[in-house]
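The values are calculated or read from the model by the stated rules, or taken from the named source; none is laboratory data. Model, not experiment: these values are computed from the prediction. Heads up, the Cβs are rebuilt from the backbone with ideal geometry, glycines too, and the neighbour counts pull from every protein chain shown. Quick note on the areas: whole protein, heavy atoms, side chains included, nothing else; ligands and nucleic acids left out. Shrake-Rupley method; radii C 1.70, N 1.55, O 1.52, S 1.80 Å.
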Amino acid sequence: MQKIDFYNQAPGAIKILLDQEEYLKACFSDSAELGMALLELVKLRVSQVNQCAFCIDMHTKDAVAMGESPQRIYALSAWRDAPFFSNRERLALDWAESLTLNQDIDDDRMKALQDMWSDADIVNLTIAVNAINSWNRIARTFKPEVGGYQSPLQN
């Protein structure tokens, strides 16, 4: 099957997604409450839920390059039962899974988020989940080669 080079076939659309990534990188980098490590965990977990091999490869490599421990990466798919994640990370992972699986957002879940983060942080976390879901769907559709990604974060 002939693969479609989505980067070159829709450069304007891809630029929007890449600009969104730059926005999120700035938001998460500037937020002491969110942070880039949390963003990578969310991206990796959503990619696992969506079974996106390309994005799992990418975000595992980026997380390792950022100093994430192999133990936490291995346990991420079972984060509810693993003792290696903070309450803040658990809340973000629960939110990411809930949005990815299109579950109803009840008042208790929203209150827990608002007790942890500002409204702006909650919106940015939600946009981050939406963004990785978009990338997962693109990668699963057009199937870029898995395994060749080199993290720009590596020394």
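Quick check on the chain: helices-only [θ] at 222 nm, where DSSP H runs of length 4 and up contribute -39,500 (n - 2.57) each and the sum goes over total residues. Nearest 500, please. Walk me through the numbers before you get to the answer.
Values: 8 runs with 105 residues, N = 155.
It comes out at -21500 deg cm²/dmol, rounded to the nearest 500.
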message: For the chain, give me every cysteine whose Cβ has no other Cys Cβ within less than 4.7 Å, ordered by residue number.
response: Cys27
query: What's the angle, to the nearest 10 degrees (0 to 90), between helix 11-30's Cα axis and the longest principal axis of the chain?
result: 30
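What percent does the relative contact order of segment 62-146 come to when contacts are Cα pairs within less than 8 Å and at least six residues apart?
Working: 24 pairs, mean separation 18.7, N = 85.
Result for segment 62-146 is 22 percent.
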task: On the full set of protein chains, 1.4 Å probe, figure out the accessible area of Asp62 and give it in Å² to the nearest 10.
output: 10
field: Accessible area (Å², 1.4 Å probe, nearest 10) - Lys111
entry: 110
- prompt: PRE reach from Val49 (point 7 Å along Cα→Cβ): which of segment 90-108 fall under 16 Å by backbone N?
  reply: 90-106
task: Skip the ligands, DNA and RNA, and give the accessible area per residue of segment 16-155 with a 1.4 Å probe, whole Å².
output: 53
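Which whole-number percentage describes the relative contact order of the chain, with Cα contacts under 8 Å and a sequence gap of 6 or more? Spell out each step's value before the answer.
Working: 131 pairs, mean separation 57.4, N = 155.
Reported as a whole number, the value is 37 percent.
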- prompt: Given Met66, Pro144, Thr100, which one lies farthest toward the positive end of the charge dipole of segment 55-155, if we put +1 on the Cβ of every Lys and Arg and -1 on the Cβ of every Asp and Glu?
  reply: Pro144
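Computed over the Cα atoms of the chain, what is the convex hull's projected area averaged over all directions, in nm²? Intermediate results must be reported in sequence, preceding the final value.
Numbers: hull surface 39.8 nm².
Averaging across all directions leaves 9.9 nm² for the Cα convex hull.
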query: Placing +1 at every Lys and Arg Cβ and -1 at every Asp and Glu Cβ, with all other atoms neutral, what dipole size does the chain have around its Cα centre, in debye to the nearest 20?
result: 580
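Counting Lys and Arg as +1 and Asp and Glu as -1, what is the net charge of the other residues whose Cβ lies under 11 Å from the Cβ of Glu21? Mind showing how you got there, number by number?
Details: positive: Lys15, Lys25, Lys43; negative: Asp19, Glu22.
Cβ neighbours under 11 Å give a net charge of +1.
What number comes out for the charge environment of Trp95, summing +1 per Lys or Arg and -1 per Asp or Glu over other residues with Cβ under 15 Å away?
Working: positive: Lys43, Arg45, Arg80, Arg88, Arg90, Arg109, Lys111; negative: Glu33, Glu89, Asp94, Glu97, Asp104, Asp106, Asp107, Asp108, Asp115, Asp119, Asp121.
Charge balance in the 15 Å sphere: -4.
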Count of Lys pairs (Cα-Cα under 27 Å; at least 8 positions apart or interchain) in the chain: 16
